[in-house]
Amino acid sequence: MKSVVIGFFTASILCASAFAADYTLDNSHSSVGFSVKHLMVSNVKGKFKAFDGNFTVDEKTNKLTKLEGTTDTATVDTDIQKRDDHLRGADFFDAAKYPKMKFVMTKYTPLKAGKAKIAGNLTIKNTTKPIVFDAEVSKAVQDMAGDTRVGISLSSQINRKDFGLNWNKTLEAGGFVVGDEIKISVELEGVAK
């Protein structure tokens, strides 16, 4: 009887893992971007040129069971060298001391039509806070080479001061040079291992 029970649990685990697929990022079809208010009138957009991550999808239910990613803070890029150097410095990311930002999913809540809420922990400058992304997860497709791919779109916003990104200057007419709210936009395309 004991061997039957062990066999049943082993088969259950193998069947469950047979439906799960691990994906690595195709960085040429992925991006990590942000936007923030400048002078309270316009949005400045930026991105990070170097990032990495992986995720696991239960192919039977199309639900994410794992999502992790890191971003190299020294690769921040807003198309203005002087501003990028300031962002890499101690006033903002302090990239020499804190070279990575990290996200780890803690909960996946499916909604309708491939949409979902993805909760997790975001770490910037050694400060970890919970964050919830609005997400859309595509169904798996095969590319021209026969590889299986899945896409994930993520959007959220954070208060930069929650993560120690505190620098600012007050304007004479009122308001600030840099807004506190940062909009995050992430596009991921993964290839099954």
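Across the range 79-113, the number of residues qualifying as among the β-branched types (Val, Ile, Thr) and in contact with a Lys or Arg (Cβ under 7 Å, 6 or more places away or on another chain) comes to 1. Assess whether Lys49 counts as being under 20 Å from Glu189 (Cα atoms), in contact with a helix residue (DSSP H, G or I) (Cβ under 7 Å, 6 or more places away or on another chain) and either in contact (Cβ under 8 Å) with a residue 60 or more places away in the chain or surrounded by fewer than 18 Cβ atoms within 10 Å (Cβ to Cβ) (or both). Criteria met by Lys49. Among residues of the range 22-32 being part of a strand (DSSP E or B) and of a type outside the set (A, V, I, L, M, F, W, C), the one that is surrounded by the most Cβ atoms within 10 Å (Cβ to Cβ) is Tyr23. For the range 74-114, a residue qualifies if it is aliphatic (A, V, I, L, M), modelled with pLDDT under 95 and farther than 20 Å from Ser153 by Cβ, and the qualifying residues are Ile80, Leu87, Ala90.
Under the condition of being out of contact with any Asp or Glu (no Cβ under 9 Å at 6 or more places or on another chain) and at pLDDT below 95, the residues counted in the range 48-73 number 6.
Could you list, in sequence order, all residues of the range 87-99 that are over 15 Å from Thr71 (Cα atoms) and without any contact (Cβ under 8 Å) to a residue 24 or more places away in the chain? Residues satisfying the conditions are Gly89, Ala90.
Return the residues of the range 120-144 that are assigned to a strand (DSSP E or B) and under 18 Å from Asn54 (Cβ atoms); say none if nothing qualifies.
From the range 120-144, those assigned to a strand (DSSP E or B) are 120-124, 127-137, 141-142; that's our starting set.
Residues satisfying the conditions are Gly120, Asn121, Leu122, Thr123, Phe133, Ala135, Val137.
Of the residues Lys107, Lys100, the single one that is under 30 Å from Asp58 (Cα atoms), of a type in the set (Lys, Arg) and surrounded by 13 or more Cβ atoms within 10 Å (Cβ to Cβ) is Lys100.
Taken together, the residues in the range 52-81 that are aliphatic (A, V, I, L, M) and surrounded by fewer than 18 Cβ atoms within 10 Å (Cβ to Cβ) amount to 2.
The values are calculated or read from the model by the stated rules, or taken from the named source; none is laboratory data. Remember, it's a predicted structure, so these values are computed and weren't measured experimentally. As a convention, Cβ positions derive from the backbone with ideal geometry for all residues, glycine included, and neighbour counts pool all protein chains shown.
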